[in-house]
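Below: one structure, written as structure tokens.
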Amino acid sequence: MKLALHAYHKKIEVHGLENVPKDKPVLFLPNHQSALLDVLLIVVACNRKPFFLTRSDVFGKPLLDAIFRYFRMIPIYRLRDGKDKLSKNDMIFDACADVLRDKGALVMFPEANHNLKRRVRPLSKGFTRILFRAKDRYLDLDIHLVPVGLNYKDATNFPDEVAIYYGKSIPLNTHYDSENIIVSTNRVKTLVSDRLKELTTHVASETEYDKVIRFLDEAGEDYLRPREVNTMISNYAEASSEIQHKKPKRKSVAVQTVLVLLNAPVVLLWKGIMKPKVWEPEFTGTLRFATAIIGFLIYYTLLFTILYFYSGFSLALGIVVALFVCNWILVKYLSPF
């Protein structure tokens, strides 16, 4: 999966892994933009083997359920799933408490939804309920919260670039008061939200959002560097009149053409069948990545099989490997977009 993610993305950067405790119970708290890609990017680069709390409505089909559970995903029920299902969360919360008791790791998206906008949305109190349930059941737990900033250059584009920032861990014991749950909840939510706003691009104003993004794009800001971008946002009013606009990089027609010609069956699978099925723009990257994994596996296997019968093992293997290397070079080094 790690190889597949790196083959799919032009660049993946991981920062701050030294902030992840190795021998303590951990709750990772990332921002949420690109559906299941967020999950996969964390699971291959967090130095732990976490369980993931996932919205329950993606479960329900046997094949998908098997895949999700393989990736240690646990359903979490929300009000929109129906009041009658909320009671199931008691069992889920107890299971999470047991994971933390065993010094395991959990991942939960505290915004409780996904959105492509470059801003940290208000946090749900759901993650604090899990934390406090664990503390109530196991008083001596030293749980650490690790905020994670996921930063995509363009989550709907291919090939995309992404930078993952693991923030300094927050010891829950310092901020939890069992005698005042409301204050503890607000304190923890505010602290996590503030940390996330440092680890990813945060455009606070909804009314000015489109103008700010247009300003950042015209300035050529690198969304993989959230601290610099947020500094630019804070100076938006003053800088917008003085900014030196940079010409956006144009897509290379030659590189695109070569990629399409070399991988026509997979491209046709994506554009003709899978892309029209994308039900939310936030799932574009996820569905395209899944299409790439399955499509290229079938494509390379069929190509090797056909070449094997006509030209033998060595030549067939050499051509398939050469095609993979060519694709790798085109995506990693030659594509300017």
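The values are calculated or read from the model by the stated rules, or taken from the named source; none is laboratory data. The structure presented is a predicted model; accordingly, all values stated were derived computationally and were not measured. Quick reminder, even Gly has a Cβ in these numbers, built from the backbone with ideal geometry, and neighbours come from all protein chains shown. Remember, those area values only see protein heavy atoms, side chains included, never the ligands or the DNA or RNA. Shrake-Rupley method; radii C 1.70, N 1.55, O 1.52, S 1.80 Å.
Annotations for the structure displayed:
- Taken as a whole, the structure leaves Ser56 outside the set of residues that are surrounded by 15 or more Cβ atoms within 10 Å (Cβ to Cβ) and out of contact with any Pro (no Cβ under 6 Å at 6 or more places or on another chain).
Results for (1) surrounded by fewer than 21 Cβ atoms within 10 Å (Cβ to Cβ); (2) part of a loop (DSSP other than H, G, I, E, B); (3) at pLDDT 90 or above, shown as yes or no for each residue.
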position	(1), (2), (3)
Leu100	no, no, yes
Val120	no, yes, yes
Ala155	no, yes, no
Val162	no, no, yes
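- Residue that is surrounded by the fewest Cβ atoms within 10 Å (Cβ to Cβ) [pool: residues in the range 285-337 that are touching a residue at least 40 places away in the same chain (Cβ under 8 Å), β-branched (Val, Ile, Thr) and in contact with a helix residue (DSSP H, G or I) (Cβ under 6 Å, 6 or more places away or on another chain)]: Ile293
- Which listed residue is open to solvent by 40 Å² or more (accessible area, probe 1.4 Å), part of a helix (DSSP H, G or I) and farther than 16 Å from Pro50 by Cα, from Asn89, Asn173, Asn115: Asn173
- Test: residue in the range 194-201 that is part of a strand (DSSP E or B), open to solvent by less than 10 Å² (accessible area, probe 1.4 Å) and modelled with pLDDT of 90 or more: no
- Screening Asn19 on (1) surrounded by 14 or more Cβ atoms within 10 Å (Cβ to Cβ); (2) modelled with pLDDT under 90; (3) not hydroxyl-bearing (Ser, Thr, Tyr) shows it passes everything except condition (2).
- Any hit, the range 22-31, residues being open to solvent by 40 Å² or more (accessible area, probe 1.4 Å) and assigned to a helix (DSSP H, G or I): no
- Of residues in the range 202-236 being small (Gly, Ala, Ser) and farther than 14 Å from Asp154 by Cα, the one surrounded by the most Cβ atoms within 10 Å (Cβ to Cβ): Ala219
- If you check Tyr138, Tyr152 for being hydroxyl-bearing (Ser, Thr, Tyr), touching a residue at least 40 places away in the same chain (Cβ under 8 Å) and in contact with a strand residue (DSSP E or B) (Cβ under 6 Å, 6 or more places away or on another chain), only one passes: Tyr152.
- With respect to the stated conditions, Ile273 is of a type in the set (Val, Ile, Thr) and either over 20 Å from the mean Cα position of the chain (by Cα) or buried (at least 19 other Cβ atoms within 10 Å of the Cβ) (or both).
Let's see how each residue does on (1) more than 15 Å from Arg119 (Cα to Cα); (2) of a type in the set (A, V, I, L, M); (3) modelled with pLDDT of 90 or more:
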position	(1), (2), (3)
Tyr176	yes, no, no
Ile182	yes, yes, yes
Lys189	yes, no, yes
Val192	no, yes, yes
Glu206	no, no, no
Leu216	no, yes, no
Thr231	no, no, no
Ala239	yes, yes, no
